[in-house]
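**Q** Okay, handing you the structure first.
The values are calculated or read from the model by the stated rules, or taken from the named source; none is laboratory data. Please read all numbers here as calculations on a predicted model, not as lab measurements. Methodologically, a virtual Cβ is constructed for each residue, glycine included, from the backbone with ideal geometry; neighbour enumeration extends over all protein chains shown.
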Amino acid sequence: MYSINDFSMDFFRLDGKVAIVTGGNTGLGQGYAVALAKAGADLFIVTHNDRFDETRDLIEKEGRKVEFFQTDLSIRENINAVVDKCLEFYGKIDILVNNAGTIKRSPLLDYKDEDWKAVLDINLNAVYYLSHEVAKVMVKQGGGKIINIASMLSFQGGKFVPAYTASKHGVVGITRAFANELADKNIQVNAIAPGYIETNNTAPIRADASRNAEILSRIPAGRWGHPFDVMGALVFLASKASDYVNGHVLAVDGGWLVR
């Protein structure tokens, strides 16, 4: 048991830790990966493509190790391969960031069955299966951190994205369910819900003057977020500083949800 005198900024350090980040080579995922590296962690990044040279350079610049594993997380067998390969490279898993995701946009009445399945396979099923397998490792190790990436559409309905909305509501449910069963095993399971962030994926929305103005009018901070804005939240939830935080969904949204 710690006293208040024991608290140290070192509690936010991740030296000697190993983190898996899915979709960690672009956008917000890249921000999460670099944040972990800056805090001292080594990285195992799961990607769907081979565009990861920039991310490698950013992480190695921090003096940290990084391994990339290219695979399709919608295939169940590949989940086990992710865990096996990370253990092969590093021998342990301290942190899991379930960031990989996809979105298919279409009016509800035109929405295709195959689009529903494709989104749920990556955004929800892969989160469950990978968390389930990593949790087994963490239990043997005596603890760990699982951080899921939720969304503003974990709280709202949205339009033209029924599968994405359902999956992100489900991510919050998985976060809470896993937290209930793993908390007494020293595994903290939480989620981050990013608001409207400037990434390549949101470029078309920002380019639409009407839609961009509509979004900005609801953000009390008066601006879109940047990947930088979520990096501190990620490090906090991955670190010892958050050991008594469990089952929480941390919105990093500039105030969007309270407007």
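**Q** Can you name the residue in region 117-176 that is closer than 21 Å to SER239 by Cβ and among the small types (Gly, Ala, Ser) and is also surrounded by the most Cβ atoms within 10 Å (Cβ to Cβ) among such residues?
**A** Once the filter is applied, the top-ranked residue is GLY144.
**Q** While we're looking at this one, here's another question. Could you go through region 77-90 and let me know if any residue there is surrounded by fewer than 23 Cβ atoms within 10 Å (Cβ to Cβ) and not in a helix (DSSP H, G or I).
**A** no
**Q** Exactly one of these conditions fails for ALA179: (1) over 11 Å from ILE147 (Cα atoms); (2) at pLDDT 95 or above; (3) over 15 Å from the mean Cα position of the chain (by Cα). Give me its number.
**A** (1)
**Q** I've got another one for you. Counting only residues that are charged (D, E, K, R) and touching a Lys or Arg at 6+ places or on another chain (Cβ under 8 Å), how many does region 113-143 have?
**A** Number satisfying all stated conditions: 1.
**Q** Taking the criterion of being within 28 Å of TRP224 (Cα to Cα) and among the basic types (Lys, Arg), would at least one residue in region 50-57 satisfy it?
**A** yes
**Q** So which pairs qualify, if the first residue must be in region 177-206 and in a strand (DSSP E or B), the second must be loosely packed, with under 15 Cβ neighbours inside 10 Å, the Cβ gap must be under 8 Å, and the two must be at least 6 apart or on different chains?
**A** ILE187/VAL139; ILE187/GLY143; GLN188/ASP243; VAL189/ALA183; ILE197/HIS226
**Q** Could you identify the single residue in VAL97, VAL46, VAL119 that is in a helix (DSSP H, G or I) and either in contact (Cβ under 8 Å) with a residue 40 or more places away in the chain or touching a Pro at 6+ places or on another chain (Cβ under 8 Å) (or both)?
**A** Sole residue among the options that is in a helix (DSSP H, G or I) and either in contact (Cβ under 8 Å) with a residue 40 or more places away in the chain or touching a Pro at 6+ places or on another chain (Cβ under 8 Å) (or both): VAL119.
**Q** Next question, about the same structure. For region 27-43, how many residues meet the condition of being free of Cβ contacts under 8 Å to residues at least 40 places away in the same chain and farther than 13 Å from GLU60 by Cβ?
**A** Looking only at that region, the number is 1.
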